[in-house]
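The values are calculated or read from the model by the stated rules, or taken from the named source; none is laboratory data. Nothing here was measured: the structure is a model prediction, and the numbers come from that model. Please note: Cβ atoms are built from the backbone with ideal geometry, for glycine as well, and neighbour counts cover all protein chains shown.
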Amino acid sequence: MNETVERFSVITCPQCGTARREEMPTDACQFFYECTGCHAVIKPRSGDCCVFCSYGTAKCPPRQLDPNCCG
């Protein structure tokens, strides 16, 4: 198992397209994210465990460490 995880992801709002580099929590999935552009509160797409897995450039750390962890 690869113990190196990406801690940052560029998350892109599906509503307005604003993209922002954010630090992801290392021990949990993040279910909600407020866009810094339009202030929409986004949630994961169906089947994804968190907003980073749905809208980020990197999957969340728990999913990086174990692809079957949260889904």
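Filter the stretch 6-41 down to the residues that are in a strand (DSSP E or B) and crowded, with 19+ Cβ neighbours inside 10 Å and list them by number.
S9, I11, Y33
Would you point out the residue of the stretch 52-71, among those that are out of contact with any helix residue (DSSP H, G or I) (no Cβ under 9 Å at 6 or more places or on another chain) and either in a loop (DSSP other than H, G, I, E, B) or modelled with pLDDT under 90 (or both), that is surrounded by the most Cβ atoms within 10 Å (Cβ to Cβ)?
T57
All but one of (1) surrounded by 13 or more Cβ atoms within 10 Å (Cβ to Cβ); (2) hydrophobic (A, V, I, L, M, F, W, C); (3) modelled with pLDDT under 90 hold for C49; which doesn't?
(3)
Select from the stretch 1-53 the residues that are touching a strand residue (DSSP E or B) at 6+ places or on another chain (Cβ under 8 Å) and free of Cβ contacts under 8 Å to residues at least 12 places away in the same chain and list them in ascending order.
Correct list: A19, E34, V41.
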